[in-house]
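> Handing you this structure, nothing more for now.
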Amino acid sequence: MEVIRTEKVTRVYKIGEVETQALRGVDLLIQSGEFTALVGPSGSGKTTLLQLIGCLDVPTSGKVFINGKDVTSLNRDQRADMRRSTIGFIFQFFALIPTLTAYENIEMPLLMSNGRSATQIRDRVNYLLEAVDMADRAQHRPDQLSGGQQQRVAIARALATEPSMILADEPTANLDTPNGHQIMEIMTRLNQETGVTFVFATHDPRVIQYARRTVVLRDGLIDREENAEEEMIFAGD
């Protein structure tokens with residue numbers, strides 16, 4: 001089933017008289033359950049594309065469809081509703097609320113959504129803490145956790161409301177190699193167990209090797225695509 005589709009998407013940023021064309025007409029289709037990496041050097045357009053898919057920005061031209069719905073026609077509040085109900089985010093700098101515990105950070109999006117009882121919320125948070133191997137750190141604040149532990153909490157938070165997709169922007173950039181591998185192994189396992197679509201933007205070889213599909217961007221266009229069984233040669237920045 002189609003989860004993400006872009007049609008001839010462009011994005012132009014203008015500062016004063018200077019225009020920068022971040023995307024130049026991107027057509028992309030992602031199916032449910034994919035584990036896909038958007039790959040490319042700095043300035044290739046991968047993060048811009050991820051932001052458009054995540055309804056954090058709108059294209060200059062072209063269309064973005066999420067679960068078959070044209071999100072380019074939505075207003076700001078409607079895009080926020082789409083993010084809340086459909087999309088989970090994992091950020092490079094974790095973006096946890098520093099005054100809340102790991103449990104409370106995961107609980108927060110559930111409290112902001114409707115339809116769950118207190119018992120259901122508690123059970124969901126405890127399930128996710130177990131899923132990311134953080135049950136023994138449930139009552140720790142972010143400043144009491146390592147970078148790898150904080151990113152595990154961020155993954156659990158992204159999955160809290162059972163979104164149809166998770167978007168991750170450089171999820172291992174601030175982690176050492178062992179923690180980077182651990183985070184990718186957790187994301188891979190959760191993708192396989194839950195069927196949630198994962199799309200991540202990266203130029204980190206540690207991340208690329210886990211992808212089952214790799215979309216290589218260069219100069220605002222899709223340069224090529226690779227499947228997991230095909231040999232992938234990529235030079236970073």
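Please treat every number below as a calculation from the coordinates, not as lab data. What you are looking at is a predicted structure, and each value in this text was computed from that prediction instead of being measured. Here Cβ is always computed from backbone atoms with ideal geometry, including for glycine, and neighbour counts include all displayed protein chains.
> Label Glu2 and Thr20 with points 7 Å out from Cα along Cα→Cβ: what is the distance between them in nm?
3.1
> Let me spell out the model: positive unit charges on the Cβ of Lys and Arg, negative unit charges on the Cβ of Asp and Glu, origin at the Cα centre of the chain. What dipole size does that give, in debye rounded to 20?
Numbers: 25 positive and 32 negative charges, 136 e Å.
About 660 debye.
> Which one of Pro109, Thr194, Thr20 has its Cα pushed farthest toward the positive end of the charge dipole of the chain, where Lys and Arg give +1 and Asp and Glu give -1 at the Cβ?
Pro109
> In percent, what relative contact order does the chain have, based on Cα pairs under 8 Å that are 6 or more apart in sequence?
On the way: 455 pairs, mean separation 68.0, N = 237.
After rounding, I find 29 percent.
> Using the beta-carbon distance between Leu100 and Asp123 and R0 = 22 Å, what value does 1/(1 + (r/R0)^6) give for FRET efficiency, to the nearest 0.05?
Details: r = 19 Å, r/R0 = 0.87.
The pair Leu100/Asp123 has a calculated efficiency of 0.70.
> Considering only Gly16, Gly43, Gly220, give the residue with the highest GNM mean-square fluctuation for the chain, with springs between Cα atoms whenever their separation is below 10 Å.
Gly16
> If I compute Cα extents along the principal axes in Å from the structure I just sent, which labelled value in (1) 57, 43, 36; (2) 66, 52, 35; (3) 49, 39, 39 lines up?
Step by step, Cα extents along the principal axes in Å for this structure corresponds to label (3).
> Continuing with the same structure: To the nearest 0.05, what FRET efficiency results for Asp176 and Leu29 with a Förster distance of 35 Å applied to their C-beta separation? If you can, show how the numbers build up before the last one.
Values: r = 35 Å, r/R0 = 0.99.
Using R0 = 35 Å, I get an efficiency of 0.50.
> Using the Karplus curve 6.51 cos²θ - 1.76 cosθ + 1.60 with θ = phi - 60°, what ³J(HN,Hα) values do you get for each residue of the stretch 208-214, in whole Hz, with x for Gly and Pro?
Per residue, the Karplus-derived 3J(HN,Hα) values read 4, 5, 8, 5, 8, 9, 10 Hz.
> Return the whole-Å distance between the Cα centroid of the stretch 164-189 and the Cα centroid of the stretch 130-145.
What the calculation gives is 16 Å, centre to centre.
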